[in-house]
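As C-alpha cells, the structure follows; a few thoughts come after it.
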C-alpha cells in the first residue's frame, strides 16, 4: 500500500495497539483488525521518513560490501578468538554463550550473564563481529546503554556510532538478500 509516497504493508493481528516495524528495512504496520491505518501513517510521517532515510543511507554506505561466506569451523574459531580477547580486555566472562537466530538483534546479554549470538554474524566482517561481541561483554559490566557503557565501548572502538550504522546496513542487506532468495541465509 502507499500513502502519499510512503510504502507499507499491513499485518492485521489480534493485538491491542498498532505498531510500526522496520525489521526487514520495509515498513510494516501491525494493527488490530478494525484499526484505521492512514491516520497512524500521517501521525508518524516524520518518524517514518527519517527512519526510511536512515535505512537507505546505511545501505548506501555499504553498497560495495559483500556478505562474508565462512564455513562453520572458521566461524566458530573466530568467535572463540574474539570471545577470549574480550574476556582478557574486560576481565569478565559470560556464564554461557548460545547461538540462536534472532529476528531483530545481532546478539543479546541476559540478566543471568548468558550471551546469545545470532548465527547471521558469520556474514559480517571481522571488525563488526568483534564490535558486537565486545558490546555484549560490556553489558556484563554495565547493563544499560548509558554514558558509562558508551565510555567503556569507546575505550576499544573509536567511532562506535559508525559501527552501529554499518551493522544496520548489513542487517538490511541480509534481509534484502533473504527476500531475493526467499529464505534466510543461515
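A short reminder: the numbers here are calculations on the coordinates, not readings from a lab. The structure presented is a predicted model; accordingly, all values stated were derived computationally and were not measured. Note that we place each Cβ from the backbone using ideal geometry, even for glycine, and neighbour counts take in every protein chain shown.
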message: Given contacts defined as C-alpha pairs under 8 Å and at least six residues apart, what's the relative contact order of the chain, whole-number percent?
response: 19 percent
query: Using Cα atoms only, what is the angle between the long axis of helix 147-156 and the major principal axis of the chain, expressed in degrees (0 to 90) to the nearest 10?
result: 60 degrees
query: Can you put 152, 124 in order, fewest other beta carbons within 10 Å first?
result: 152, 124
Nearest-0.05 FRET efficiency for residue 33 and residue 145, computed from C-beta distance (R0 35 Å): 0.50
- request: Would you mind telling me the antiparallel percentage of the DSSP bridges in the range 2-61, rounded to 5?
  value: 55 percent
- prompt: Once fully extended, how much extra length lies between residue 100 and residue 76, figured as 0.36 nm per residue of separation less the alpha-carbon to alpha-carbon distance?
  reply: 7.3 nm
query: Roughly speaking, what is the stretch gain from residue 6 to residue 112, that is 0.36 nm per residue apart minus the C-alpha to C-alpha distance, in nm to one decimal?
result: 34.0 nm
query: Over the range 78-167, how many percent of alpha carbon pairs lie in each 5 Å bin up to the one with the longest distance?
result: 3, 14, 27, 29, 21, 7, 0
field: Ellipticity estimate at 222 nm from DSSP helix runs (n ≥ 4, -39,500 (n - 2.57)) divided over the chain, nearest 500
entry: -16000 deg cm²/dmol
query: For the range 72-181, what's the relative contact order in percent, using C-alpha pairs closer than 8 Å and at least 6 residues apart?
result: 22 percent
- prompt: What's the exposure ranking of 17, 131, 98, going from fewest to most Cβ atoms within 10 Å?
  reply: 17, 98, 131
query: If you rank 81, 109, 138 by fewest surrounding Cβ atoms within 10 Å, what's the result?
result: 81, 109, 138
